[in-house]
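**Q** Have a look at this one.
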Amino acid sequence: MATQPLFDSSRFDPERVALPGIESVRGIGKADAAVIGVVESNRHPTLIGTTSELESKAAKAGGGLLALLSARGATGEVGEVTELHLPALQLVAVGMGDDLDLRPEDLRRAAGLGVRQVMQAGSAEPRRIVISLDAGADGQVQAVAEGALLAASRFRKLSRVAESAPVETIGILGSNRSSARALAAARITAQAVAVARDWTNLPPNLLGPSDLAEQARGYLKDSKVELEILDEKALDKQGFGGILAVGGGSARPPRLLRLDYRPRGTKRHLVLVGKGITYDSGGFNLKPADSLLTMKHDMAGAADVIAATRAIAELGLGVHVTAYAPLAESMISGSAYRPGDVITTFDGTTVENTNSDCEGRIVLADALARTNQDDADMVVDIATLTGACVVALGPQIAGLMTSDDATADRLLDAAEAAGEEFWQLPITEHVRKLLPSPVADLRSKADRNGGALFAGAFLQHFVAEGTSWAHLDIAGPAWNASDAHDYVPAHATGMGVRTLIELAKSMAG
Ligand code: BES
Ligand code: MN
Ligand code: ZN
């Protein structure tokens, strides 16, 4: 008897990314676990979200809740976790610092930290969690729900050994009837992040260019997003020389996805481009062993734009969104592109391939050049583009480069609302002067120093002058190489999805 495949790339499986239910609740009810907060107020710990129901359970356990938690060392410091076992209830108190004016991101992190702690606890299976963090306003309810759902989403291992049961429902205490919309929005957002994470975590043998294209087809099938898939023949006919060059070394041919969400009566047009290298071996400029191991995540940008576009459609945002995902696998073979090759991109620019490991900017060049036909109000590309950006900003902050300061401000505002961190880097005259090649219009690589800026300058060449454009380099934060923290799991993080959704929101009319 043939066993079922562990992952069938030809169809999208919603089970892989199933999230717990989310609802508003009026009490602890039959929950297995509850999450509350502790803040430092005048250097004394104070509880956030405690209720008379919790206090009476604490009384049965021998004291007031604050006294019991303090006895276990709770101070309210950010990131601190204190656990109490009350009658039939696991209580988790998370430290939230001394800031009484809590930002949405503080609530996201606290909810995420609490949910992760409950899920780790292991003993009895925690099926129902109630989160009580005094969230009243809709924005606060949404942040708490997002943090909780993002923490609850986890990668379904490729294994036949059964895993422990997932969390069934998350109840938000303090929310009211008008919170229904906020909870629905949180769910749509968290679902998009979960899908982006899952695709990014899937191994490269199971997710090549055409596989990711089929995943996108299945995922978008019942949505208001139209999908067009260009195969290698169509790419050749239309002149996508960059995508074909990068994908040429692989037995699995490249693809270009074009997604379009166009609700009635929209005035503004946002165009997204996401780097989709399903595996980056470096090509003939082969990467060292340690870097090879995680280069399945080099399609995180593509996953982000696909997931975000569906979420934007589900939220019904009044903005026209087009998204491109150039998908290719960068391999070594007799048909691979060589260092020294000159490539002609979609707009006729010639590029000397000075290093085959610069594959990202080559596929993005084609897609960015294609966006010039879309009459966009803003073009945003997102890519795990340079190690240099990780050196500059570390593993948790993404780089931002733009055509102008107004565009940078728009992106930074969206990122702030989403709770994702970006830091602006310049594209200087000096770095632009490094672009020309002695044998072609451009070269794909110059110095090692300032590598993130050179990549930004290279990409900007392909965007028509006068277009508002932003480049997001997520090489660091797309992948969490250390342990889970707050609502961020180890490995793929889905970083960028929430900022793209917020950006669309800010452009919606
Ligand atoms: N995908 C990598 C960038 C990357 C590095 C992503 C680390 C995530 C973590 C990209 O294609 C690449 O190889 N960039 C080279 C460019 C260099 C050859 C100019 C790099 O950063 O080393
Ligand atoms: Mn590379
Ligand atoms: Zn790459």
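The values are calculated or read from the model by the stated rules, or taken from the named source; none is laboratory data. Fair warning: this is a prediction, and the values are worked out from it, not measured in the lab. Note that we place each Cβ from the backbone using ideal geometry, even for glycine, and neighbour counts take in every protein chain shown.
Residue-wise test of (1) within 16 Å of ligand 2 (Cβ to nearest atom); (2) over 19 Å from the mean Cα position of the chain (by Cα); (3) in a helix (DSSP H, G or I); (4) crowded, with 23+ Cβ neighbours inside 10 Å.
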{"position": "Glu228", "(1), (2), (3), (4)": "no, yes, no, no"}
{"position": "Asp236", "(1), (2), (3), (4)": "no, yes, yes, no"}
{"position": "Val271", "(1), (2), (3), (4)": "no, no, no, yes"}
{"position": "Phe284", "(1), (2), (3), (4)": "yes, yes, no, no"}
{"position": "Ala307", "(1), (2), (3), (4)": "no, no, yes, yes"}
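**Q** Pairs, please: C-beta under 7 Å, at least 6 apart or cross-chain, first residue at pLDDT 95 or above and in the range 288-302, second part of a helix (DSSP H, G or I) and within 13 Å of ligand 2 (Cβ to nearest atom)?
**A** Once the first residue is at pLDDT 95 or above and sits in the range 288-302, no partner that is part of a helix (DSSP H, G or I) and within 13 Å of ligand 2 (Cβ to nearest atom) comes close enough.
**Q** So which residues in the range 43-66 are over 15 Å from Gly95 (Cα atoms) and either surrounded by 20 or more Cβ atoms within 10 Å (Cβ to Cβ) or not hydroxyl-bearing (Ser, Thr, Tyr) (or both)? Explain how you work it out, then say what you get.
**A** Of the residues in the range 43-66, the ones over 15 Å from Gly95 (Cα atoms) are 51-64.
Answer for the range 43-66, where residues must be over 15 Å from Gly95 (Cα atoms) and either surrounded by 20 or more Cβ atoms within 10 Å (Cβ to Cβ) or not hydroxyl-bearing (Ser, Thr, Tyr) (or both): Glu53, Leu54, Glu55, Lys57, Ala58, Ala59, Lys60, Ala61, Gly62, Gly63, Gly64.
**Q** Would you check if Ile277 is buried (at least 24 other Cβ atoms within 10 Å of the Cβ) and either more than 14 Å from ligand 2 (Cβ to nearest atom) or assigned to a helix (DSSP H, G or I) (or both)? Walk me through it before giving the result.
**A** On the way: buried (at least 24 other Cβ atoms within 10 Å of the Cβ): yes; either more than 14 Å from ligand 2 (Cβ to nearest atom) or assigned to a helix (DSSP H, G or I) (or both): no.
Against the criterion (buried (at least 24 other Cβ atoms within 10 Å of the Cβ) and either more than 14 Å from ligand 2 (Cβ to nearest atom) or assigned to a helix (DSSP H, G or I) (or both)), Ile277 does not qualify.
**Q** Same structure, new question: Looking at the structure I just gave you, is Asp441 more than 30 Å from Gln140 (Cα to Cα), surrounded by fewer than 17 Cβ atoms within 10 Å (Cβ to Cβ) and touching a Phe, Trp or Tyr at 6+ places or on another chain (Cβ under 8 Å)?
**A** Working: more than 30 Å from Gln140 (Cα to Cα): yes; surrounded by fewer than 17 Cβ atoms within 10 Å (Cβ to Cβ): yes; touching a Phe, Trp or Tyr at 6+ places or on another chain (Cβ under 8 Å): no.
Spelling it out, it is not the case that Asp441 is more than 30 Å from Gln140 (Cα to Cα), surrounded by fewer than 17 Cβ atoms within 10 Å (Cβ to Cβ) and touching a Phe, Trp or Tyr at 6+ places or on another chain (Cβ under 8 Å).
**Q** Name every residue in the range 237-295 that is hydrophobic (A, V, I, L, M, F, W, C) and out of contact with any helix residue (DSSP H, G or I) (no Cβ under 7 Å at 6 or more places or on another chain), in order of residue number.
**A** Ala251, Phe284, Leu286, Ala289, Leu292, Leu293, Met295
**Q** Return the only residue of Ala196, Ala180, Ala135 being part of a helix (DSSP H, G or I), under 25 Å from Ile501 (Cα atoms) and in contact with a helix residue (DSSP H, G or I) (Cβ under 7 Å, 6 or more places away or on another chain). Lay out the reasoning, then the answer.
**A** Working: Ala180 fails: in contact with a helix residue (DSSP H, G or I) (Cβ under 7 Å, 6 or more places away or on another chain); Ala135 fails: part of a helix (DSSP H, G or I).
Among Ala196, Ala180, Ala135, only Ala196 is part of a helix (DSSP H, G or I), under 25 Å from Ile501 (Cα atoms) and in contact with a helix residue (DSSP H, G or I) (Cβ under 7 Å, 6 or more places away or on another chain).
**Q** Looking at the range 260-269 only, could you name the residues that are in a strand (DSSP E or B) and either under 18 Å from the mean Cα position of the chain (by Cα) or farther than 22 Å from Phe240 by Cα (or both)? Before you say what the answer is, go through the steps one by one.
**A** Step one: list which residues in the range 260-269 are in a strand (DSSP E or B), which gives 260-261, 269.
Scanning the range 260-269 gives Tyr261, His269.
**Q** As an exercise: evaluate Pro204 against (1) part of a helix (DSSP H, G or I); (2) closer than 30 Å to Gln120 by Cα; (3) of a type outside the set (A, V, I, L, M, F, W, C) and give the number of the one condition it does not meet.
**A** Going through the list (1) part of a helix (DSSP H, G or I); (2) closer than 30 Å to Gln120 by Cα; (3) of a type outside the set (A, V, I, L, M, F, W, C), Pro204 breaks only (1).
**Q** Scan the range 223-234 and report the pairs whose first residue is in contact (Cβ under 8 Å) with a residue 40 or more places away in the chain and whose second residue is part of a helix (DSSP H, G or I), with Cβ atoms within less than 6 Å and a gap of 6+ or a chain change.
**A** Within 6 Å, the pairs are Ser223/Arg310; Ser223/Ala313; Lys224/Ala313; Val225/Thr309; Val225/Arg310; Val225/Ala313.
**Q** When only residues in the range 377-416 that are touching a Lys or Arg at 6+ places or on another chain (Cβ under 8 Å) and part of a helix (DSSP H, G or I) count, which is nearest to ligand 1 (Cβ to nearest atom)? Steps first, please.
**A** First, pick out the residues of the range 377-416 that are touching a Lys or Arg at 6+ places or on another chain (Cβ under 8 Å): 377-378, 381-385, 388, 414.
Filter again for part of a helix (DSSP H, G or I), leaving 388, 414.
Working: Ala388: 6, Ala414: 23 Å.
Once the filter is applied, the top-ranked residue is Ala388.
**Q** Has the range 433-444 got at least one residue that is within 16 Å of ligand 3 (Cβ to nearest atom) and within 22 Å of Ile343 (Cα to Cα)? Spell out how you get there, then give the answer.
**A** Taking the range 433-444 and keeping what is within 16 Å of ligand 3 (Cβ to nearest atom), we get 444.
Subset that is within 22 Å of Ile343 (Cα to Cα): 444.
Yes: the range 433-444 contains one or more residues that are within 16 Å of ligand 3 (Cβ to nearest atom) and within 22 Å of Ile343 (Cα to Cα).
**Q** Another question, then. Which residue is farthest from Asn201 (Cα to Cα), if the candidates are limited to the range 453-509 and must be in a strand (DSSP E or B) and of a type in the set (A, V, I, L, M)? Reasoning before the result, please.
**A** Looking only at the range 453-509, we keep the residues that are in a strand (DSSP E or B), and these are 469-473, 479-480, 485, 488, 491-492.
Subsequent filtering for residues that are of a type in the set (A, V, I, L, M) retains 470, 472, 488, 492.
Working: Ala470: 26, Leu472: 20, Val488: 14, Ala492: 6 Å.
Restricting to residues being in a strand (DSSP E or B) and of a type in the set (A, V, I, L, M), the top hit is Ala470.
**Q** Across the range 321-356, what is the number of residues that are buried (at least 22 other Cβ atoms within 10 Å of the Cβ) and either modelled with pLDDT under 95 or in contact with a Leu (Cβ under 8 Å, 6 or more places away or on another chain) (or both)?
**A** Count: 8.
**Q** Can you say whether Ser70 is at pLDDT 95 or above, buried (at least 16 other Cβ atoms within 10 Å of the Cβ), of a type in the set (Gly, Ala, Ser) and not in a strand (DSSP E or B), as far as the supplied structure shows?
**A** Numbers: at pLDDT 95 or above: yes; buried (at least 16 other Cβ atoms within 10 Å of the Cβ): yes; of a type in the set (Gly, Ala, Ser): yes; not in a strand (DSSP E or B): yes.
It is true that Ser70 is at pLDDT 95 or above, buried (at least 16 other Cβ atoms within 10 Å of the Cβ), of a type in the set (Gly, Ala, Ser) and not in a strand (DSSP E or B).
**Q** In the list Gln117, Gln140, which residue meets the criterion of being in contact (Cβ under 8 Å) with a residue 12 or more places away in the chain, outside any loop (DSSP other than H, G, I, E, B) and either among the basic types (Lys, Arg) or closer than 20 Å to Gly174 by Cα (or both)?
**A** Working: Gln117 fails: either among the basic types (Lys, Arg) or closer than 20 Å to Gly174 by Cα (or both).
Exactly one residue qualifies, and that residue is Gln140.
**Q** Here's a follow-up. Starting from the range 44-62, keep only residues that are in contact (Cβ under 8 Å) with a residue 40 or more places away in the chain, then list their pairs with residues that are part of a helix (DSSP H, G or I) whose Cβ atoms are within a distance under 7 Å, requiring at least 6 positions of separation or different chains.
**A** Within 7 Å, the pairs are Leu47/Leu65; Leu47/Leu66; Thr50/Leu65; Leu54/Leu65.
**Q** Could you please give the count of residues in the range 461-509 that are of a type in the set (Gly, Ala, Ser) and under 15 Å from Val273 (Cβ atoms)?
**A** 5
**Q** Any idea which of Leu244, Leu256 is surrounded by 23 or more Cβ atoms within 10 Å (Cβ to Cβ) and either at pLDDT 95 or above or assigned to a strand (DSSP E or B) (or both)?
**A** Numbers: Leu244 fails: surrounded by 23 or more Cβ atoms within 10 Å (Cβ to Cβ).
One residue alone meets the criteria, Leu256.
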